[in-house]
Every structure is written in C-alpha cells, then in structure tokens.
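Student: Just dropping this structure here.
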Amino acid sequence: MTASPEPPGPGAFLVERRSIDVVPDDERHGSAFSQFTLWLGANLQITAVVTGALAVVFGGGAFWSLIGLLAGNLLGGAVMALHSAQGPRLGLPQMISSRAQFGVRGAVVPLLLVIVMYVGFFASGSVLAGQATGELTHLGETPGIVIFALVTAVTATIGYRVIHALGRVASVICALAFVYLGIRLLDGIDLTAVLHDRAFHLPMFLLAVSLSASWQLAFGPYVADYSRYLPRTTSTRATFWWTLAGSALGSQWSMTFGVLVAATAGDAFLANQVGYVVGLGGTGLTASFLYFTIALGKLTINVLNTYGGFMSMVTGVSGFRAQKTIGPRARALYIGGIMLAGTAVALAGKDTFLASFKDFLLFLLTFFTPWSAINLVDYYLISRERYDIPALFDPRGRYGACRWDALSVYVIGVLAQLPFLATGFYTGPLVERLGGADISWIVGLAVPAALFFVLARGRNTGGTPRADEACAPYRQVHGCP
C-alpha cells in the first residue's frame with residue numbers, strides 16, 4: 001500500500017461536497033484497509049443472519065448450507081470487489097462508469113433498476129432495525145421504523161467521511177456482539193448433531209450459493225462509491241483483497257450464525273428474528289446493548305443503500321441535464337425521497353418480511369448479474385482500465401447518448417436467465433429438469449460477458465486515454481484532478 005495524502009483538518013468537509021463529479025487528488029485520503037472495516041461492519045448485521053437462515057428455512061441441511069453460502073460469498077464477493085477496485089482509479093461513483101458501456105443516457109436503464117434495489121434493501125433493513133429500535137425506545141415497531149429511517153437519512157446526507165467512520169465503529173462493536181452471541185449459541189446446542197446430516201441435495205445447495213452470491217452481487221452497483229476517495233496510486237490488488245476480505249468474512253460470519261440458529265430454533269426464530277437473537281444474549285442491559293448493536297449494524301448498511309441510491313438518481317438525471325454537481329438542498333431532497341419510499345415499503349410489507357425477502361434477493365440477481373458482467377468485461381478486458389472521463393459527461397462525446405450493443409446484450413442477459421429462474425412468483429421451464437435448482441445467476445454472468453466481449457471488443461481499444469491523461473485539458477471545466 002502506498003502512503004496517502006494527509007486528510008484535511010478536523011471538521012473540514014464533514015458534509016461532503018462531491019457527488020458524481022471526479023474527486024481531485026488533493027481531496028483523496030485513506031488506505032485500502034478502510035474497505036475492510038467498512039464492508040465487515042456492513043455485513044455483521046441481522047439481515048445477513050436472516051439470509052443465511054433462509055438456506056435452512058427452505059429445506060437445506062446445515063452442513064451443505066454453510067458450504068454453499070461460503071461458495072456464494074466468495075464468488076459473488078470477487079465480482080463485487082472487482083467493482084470496488086475501479087474507485088481509486090477513476091475517482092467516480094460506480095454507476096457513472098456504466099456510461100462507457102451503455103452511453104451517457106442509455107445508462108439510465110440499469111440505473112432505474114438499481115434505484116429500485118436500494119429502496120427494497122432500505123425497506124427490508126428498516127423492518128428488522130425498526131424492531132430493534134422499537135424495543136430499545138419502548139415505542140413499538142412502527143415508530144421504530146420511522147426513527148431509524150430519519151437517522152439513516154441524516155447520516156447519508158453528511159456523506160463519505162461519516163459513512164466510513166460509522167463502518168469502523170460498527171466493525172468493532174458488531175464483531176464483539178457476534179462473538180458473544182456465538183459463544184452463547186454454541187453453549188446451548190449440540191454442534192455435532194446439527195452438522196451430522198451430510199446428505200447432499202443439489203437444488204438446496206445451489207439455493208444457498210444463490211442467496212449469498214446475490215447478497216454480494218447486490219453491492220456491485222455502489223461499491224466503488226466508497227473507494228473513490230482513495231489516492232489514485234492505491235494498489236488495485238489491495239483494494240480488491242481488502243474489499244473481498246471484509247465483505248466475505250462479515251457475511252459468512254453472520255450467515256453461519258443464521259444457519260445454526262435456524263437449524264436449532266425452528267419456529268421460535270421464524271416468529272421473531274430480532275427478538276430471538278437478542279434473547280440468546282440475555283436480558284436487561286445486555287438485551288439493550290444487543291438491540292443497539294442490531295440497529296447500528298442495520299444503520300451502516302442502510303446508509304450505504306441510501307447514499308448509493310442518491311448517487312444513482314443524480315447519475316440518471318444528470319445524463320439528461322448535463323449536471324455534475326448539486327447543492328446541499330437538492331442532496332437532501334434526493335435522500336429524503338429515497339427515505340420516504342423505503343419507509344413506505346417497509347411499513348406496508350413488515351408482516352410478510354421473511355418470504356418476500358428471499359424472492360427479492362433472488363430476483364435482484366436477474367437484473368444485476370448482466371450489468372456486472374458487461375461493466376467488468378468492458379473495464380478490465382476491453383478498455384483495460386482506461387476511460388475518457390470528460391466523455392462520460394458528454395452525450396455527444398466518445399461514448400454517445402445510447403450504446404445499443406450494450407443495451408441489447410443487457411436485455412438478452414436478463415431474458416437468458418428466465419428459463420432457469422426459481423422464485424415464489426415465477427419458475428422457469430428448465431428448473432424442474434435441474435431438480436429445482438436455480439442457476440440463473442450463472443447464466444446471467446456468462447452469457448452477457450461472452451456476448452459483450454465479442455460485440456464490443458474493438459470499439460474502445462487503441463485510442464482510449466488513461467483517466468489522468470483524459471483529464472489534462474479539462475481540469476477546470478470538468479473538475480478532473
């Protein structure tokens with residue numbers, strides 16, 4: 001890792017000034033290790049516990065569920081970490097780079113779906129955090145959801161520095177809480193008996209892989225938002241490995257806890273996920289600390305969802321308005337809109353959370369795996385980490401307004417998954433032949449990656465300047481470093 005510039009003094013730029021514009025070198029700070037603490041804290045939380053539990057709730061054995069979840073976390077986490085490594089290089093939010101593939105305005109197609117994802121994750125996180133906040137404040141679940149949403153919106157409005165500080169605090173506090181809960185859980189169960197059933201069922205194994213892979217892949221559209229302030233000289237490998245380590249370790253830790261709880265608690269856990277987990281730890285001050293920890297873990301990830309949704313909305317709008325910066329009032333309005341939409345969904349769906357969340361996770365894969373495949377193939381294999389940054393803001397520039405080859409491949413990638421998709425509201429015709437296994441996400445990565453590489457491999461080669469070279473003539477006009 002390379003040394004980073006000294007950050008501004010205490011209080012400087014506490015409220016973030018940047019949005020979708022390039023982060024200049026003199027505002028870059030931190031090291032790649034910051035990605036480990038952020039993503040560890042973001043994954044040591046109750047929704048990841050529930051995600052792991054779903055592998056058992058829907059019929060899998062504990063032993064193979066743990067292995068399947070690990071495989072999915074590593075595979076999906078590697079894809080997610082490849083997106084993270086783009087941040088220091090480009091100094092831009094993640095979805096801006098999609099303009100190089102889809103065009104300055106064409107990128108709005110995946111952006112709309114990304115925003116729906118953020119609202120959905122905000123809602124699902126608010127349901128569980130609302131339970132914890134309601135218990136902690138003795139106000140009940142519905143006021144707890146509203147209070148939690150307001151705190152999330154304020155934190156996201158302040159921006160990047162507070163988000164990373166929150167991640168550092170959450171990584172320590174939540175890790176201590178999970179160690180304590182793990183000891184309490186293992187003290188009360190027979191682990192050998194829980195893992196005794198080694199019968200392998202391919203559909204259930206692939207369900208576990210899909211659950212954790214979808215969890216990781218869903219971070220892809222915003223992961224570079226939280227690495228873009230790192231110095232330009234930050235090692236790509238360091239960013240990749242620290243991001244993967246934090247995200248995979250945190251999620252596997254939480255999901256393993258969820259598997260063991262679901263395998264031993266049954267209906268007691270399903271009836272009240274937050275209450276049961278806190279009950280493992282004890283009562284009184286211990287219970288209050290655990291409710292606080294659950295709310296803190298959910299705050300970390302919901303702030304990421306809210307901030308990412310804000311970035312995506314600005315990216316979509318700016319493609320049509322040629323806007324690269326926004327004021328504090330507009331920033332607050334964007335974030336407030338996401339908060340209101342997510343809170344409304346949370347209040348409407350809080351009574352059917354568990355069943356809906358599993359289908360929501362798997363359905364997300366259908367739309368985000370083709371985007372990830374196209375983005376990564378273009379960045380690493382076609383453009384070779386070189387983008388004309390000013391052209392990302394100009395619909396008349398190198399990347400144009402719409403790039404129909406990428407949009408066509410994206411649609412084909414989505415449609416190619418449908419025969420293999422298995423959710424509560426739709427099951428593809430080939431699922432039964434595979435014994436009920438859902439392999440749609442594998443198809444969603446492989447098909448668009450191959451098609452896009454064949455169709456687009458000549459379009460940017462040879463002439464695309466490096467990020468710093470492209471910015472040289474535009475330092476004042478385009479906000480380049």
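Student: Leu445: farther than 25 Å from Tyr222 by Cβ, open to solvent by 10 Å² or more (accessible area, probe 1.4 Å) and either of a type in the set (A, V, I, L, M) or at pLDDT 90 or above (or both), yes or no?
Tutor: no
Student: Check segment 114-128 and report whether any residue there is of a type in the set (Val, Ile, Thr), surrounded by 24 or more Cβ atoms within 10 Å (Cβ to Cβ) and out of contact with any Ser or Thr (no Cβ under 7 Å at 6 or more places or on another chain).
Tutor: yes
Student: Evaluate the following for Thr286: is it more than 19 Å from the chain's Cα centre (by Cα) and modelled with pLDDT of 80 or more?
Tutor: yes
Student: How many of the residues making up segment 131-172 are within 24 Å of Gly284 (Cα to Cα), modelled with pLDDT of 85 or more and in contact with an Asp or Glu (Cβ under 8 Å, 6 or more places away or on another chain)?
Tutor: Total meeting the criteria: 2.
Student: Here's a follow-up. What number of residues within segment 392-417 satisfy the criterion of being open to solvent by 30 Å² or more (accessible area, probe 1.4 Å) and closer than 17 Å to Leu206 by Cβ?
Tutor: Here the count works out to 0.
Student: Which of (1) at pLDDT below 90; (2) part of a helix (DSSP H, G or I) is the odd one out, the single condition Gln216 does not satisfy?
Tutor: The single condition Gln216 does not satisfy is (1).
Student: Could you please give the count of residues in segment 179-204 that are surrounded by fewer than 21 Cβ atoms within 10 Å (Cβ to Cβ) and either in contact with a His (Cβ under 8 Å, 6 or more places away or on another chain) or in a helix (DSSP H, G or I) (or both)?
Tutor: 16
Student: Here's something else I'd like to know. Return the residue satisfying two criteria in turn: it lies in segment 219-237 and is basic (Lys, Arg) and assigned to a loop (DSSP other than H, G, I, E, B), and of such residues it is surrounded by the fewest Cβ atoms within 10 Å (Cβ to Cβ).
Tutor: Arg232
Student: I would also like to ask the following. For segment 129-140, which residues satisfy the criterion of being open to solvent by 60 Å² or more (accessible area, probe 1.4 Å) and either within 20 Å of Asn43 (Cβ to Cβ) or of a type in the set (D, E, K, R) (or both)?
Tutor: Once the filter is applied, which keeps residues that are open to solvent by 60 Å² or more (accessible area, probe 1.4 Å) and either within 20 Å of Asn43 (Cβ to Cβ) or of a type in the set (D, E, K, R) (or both), segment 129-140 yields only Glu135.
Student: Please report, ordered by residue number, the helices (runs of 4 or more DSSP H) entirely within segment 58-105 with at least 3 residues that are within 18 Å of Trp242 (Cα to Cα) and open to solvent by less than 10 Å² (accessible area, probe 1.4 Å).
Tutor: 62-84, 86-90
Student: Also, quick follow-up: If I ask for residues that are touching a Leu at 6+ places or on another chain (Cβ under 9 Å) and under 28 Å from Ala107 (Cβ atoms), which ones from segment 417-427 would you list?
Tutor: The answer is Gln417, Pro419, Phe420, Leu421, Thr423, Tyr426.
Student: Could you list, in sequence order, all residues of segment 35-53 that are of a type outside the set (Val, Ile, Thr) and surrounded by 24 or more Cβ atoms within 10 Å (Cβ to Cβ)?
Tutor: Result: Gln35, Leu38, Trp39, Leu40, Gly41, Ala42, Asn43, Leu44, Gln45, Ala48, Gly52, Ala53.
Student: If I filter segment 122-139 for residues that are farther than 30 Å from Val261 by Cβ and of a type in the set (Phe, Trp, Tyr), do I get at least one hit?
Tutor: no
The values are calculated or read from the model by the stated rules, or taken from the named source; none is laboratory data. The shown structure was predicted, so the numbers you read here are calculated from the model rather than taken from an experiment. Every residue, glycine among them, receives a Cβ derived from its backbone with ideal geometry; neighbour counts consider all protein chains shown. Accessible surface areas use protein heavy atoms only, side chains included; no ligands, DNA or RNA. Shrake-Rupley method; radii C 1.70, N 1.55, O 1.52, S 1.80 Å.
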